[in-house]
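Worksheet: the structure to be examined is printed underneath.
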Amino acid sequence: MFDNSFLDKLYNRDKRFVSRAISIVESDQIKSAELLNKIFHKTGNAYRIGITGPPGSGKSTITNQITKLITAQDKSVGIIAVDPTSPFTGGALLGDRVRMSEIGTHPNVFIRSMATRGSLGGLSKKAIDGADILDAAGYDYVIFETVGVGQSELDIAQAADTTVVVLVPESGDAVQAMKAGLMEIADLFVLNKSDRPGSESAAAALKTILSFREHTAESWMIPIVKTIAAENKGIDVVLKEILLHQNFLEEKNLLIKLREKRSKIRIKEIVDLILQKELWTDERIHNLNEAIEDVVLGNISPYNLANKIVDHYKTQFNN
Ligand SMILES: Nc1nc2c(ncn2[C@@H]2O[C@H](COP(=O)(O)OP(=O)(O)O)[C@@H](O)[C@H]2O)c(=O)[nH]1
Ligand SMILES: [Mg+2]
């Protein structure tokens, strides 16, 4: 199905084929597995950056500027934007959209947006599969832009080697971030919109929260970078800190460990998916529908019925 000319074009970063390949992982489970199997040996070279935070905090603006800095060094960037309000998906102001299309037409930049609508559970899988496509295509950096709300978004953020959490000075933002689970996943905090009042106290509050974390001499000290993304201020520092974190992970041999941990989670998810698909055949769904009345009437417990269904599945292999 995927002949050498398709793969060659993908590996040469032909945007049409990159786009086609990502559409396949988004829409077709069987073809997707086949494609991912074929390209897998080409993955593992891209460095993955997650940029997450509340809507409107400046993630797209920062992604845009980091991408410009990276391409200025002759490196390539593939972006996966999972954000319903993102300019990538056309949901934002015209000015933002113009800025984004500016980087999108750069030969070394590829942008793909993924919608949050539809099956949320599958979204992180698709984003991660999409990152593998970009990785195999030879993009030096893959950036995930995701809104920092919901488990699916956290999952995507965690699929990055370096996760950047973007906050703004508005009061309580740091506390909100803590509640949303963003504190645990941040390798680097960006306090954007530092042109607004309250940025000093927000930075101080963040520092206080971070000081409660356990750390040893060996652990990464999470930096807080103040930026004014709209004026391109501080973005060079953000990129510098990302690269320092990358160095840290590589020197301490942690990158491989991080990727092992992620691979394990991913494989378990794939196994779960395969088993679910095998188990819930039309026949067993029918059996469930037939027996459900008995459960409600109290003739059989949910556990008993569940076991019966699983036993039925097991006999498939014993015969
Ligand atoms: N005042 C101010 N506005 C900013 C700054 N950075 C971004 N913005 C604006 O904030 C809005 C949301 O930015 P965007 O990057 O789309 O945020 P996202 O939803 O997190 O991707 C846009 O209108 C930006 O121009 C900043 O540092 N200061
Ligand atoms: Mg955005």
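Only one of the listed residues (Thr43, Thr63) is within 16 Å of ligand 1 (Cβ to nearest atom), within 19 Å of the chain's Cα centre (by Cα) and open to solvent by less than 80 Å² (accessible area, probe 1.4 Å). That residue is Thr63. Would you please list the contacts, defined by Cβ atoms under 9 Å and residues six or more apart or on different chains, that run from a residue in the range 51-78 that is of a type in the set (Asp, Glu) to a residue that is open to solvent by less than 50 Å² (accessible area, probe 1.4 Å)? So the pair list comes out as Asp74/Asn108.
One residue stands out among those in the range 137-158 that are among the hydrophobic types (A, V, I, L, M, F, W, C), crowded, with 24+ Cβ neighbours inside 10 Å and more than 16 Å from ligand 2 (Cβ to nearest atom): the one that is farthest from Ala229 (Cα to Cα), which is Ala137. Only one of the listed residues (Thr162, Thr216) is of a type in the set (Val, Ile, Thr), in contact with an Asp or Glu (Cβ under 8 Å, 6 or more places away or on another chain) and away from ligand 2 (no atom under 16 Å from the Cβ). That residue is Thr162.
Residue-by-condition table, conditions (1) free of Cβ contacts under 8 Å to residues at least 40 places away in the same chain; (2) within 16 Å of ligand 1 (Cβ to nearest atom):
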{"residue": "Ile133", "(1), (2)": "no, no"}
{"residue": "Glu145", "(1), (2)": "no, yes"}
{"residue": "Gly148", "(1), (2)": "no, yes"}
{"residue": "Gln151", "(1), (2)": "yes, no"}
{"residue": "Asp161", "(1), (2)": "no, no"}
{"residue": "Val168", "(1), (2)": "no, yes"}
{"residue": "Ala177", "(1), (2)": "no, yes"}
{"residue": "Glu184", "(1), (2)": "yes, no"}
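If you go through the range 186-215 and keep only what is closer than 30 Å to Leu258 by Cα and open to solvent by 90 Å² or more (accessible area, probe 1.4 Å), you end up with Lys207, Phe212, Arg213, Glu214, His215. Give the range 269-291 a look and list any residue that's farther than 30 Å from Leu123 by Cβ, open to solvent by 80 Å² or more (accessible area, probe 1.4 Å) and among the hydrophobic types (A, V, I, L, M, F, W, C), or say none. Hits for the range 269-291: nothing passes.
The values are calculated or read from the model by the stated rules, or taken from the named source; none is laboratory data. Just so it is clear, the model here is predicted, and its values are computed rather than measured. No Cβ is skipped: glycine too gets one built from the backbone with ideal geometry, and neighbour counts run over all protein chains shown. Heads up: the accessible areas ignore ligands, DNA and RNA and are worked out on the full protein's heavy atoms, side chains in. Shrake-Rupley method; radii C 1.70, N 1.55, O 1.52, S 1.80 Å.
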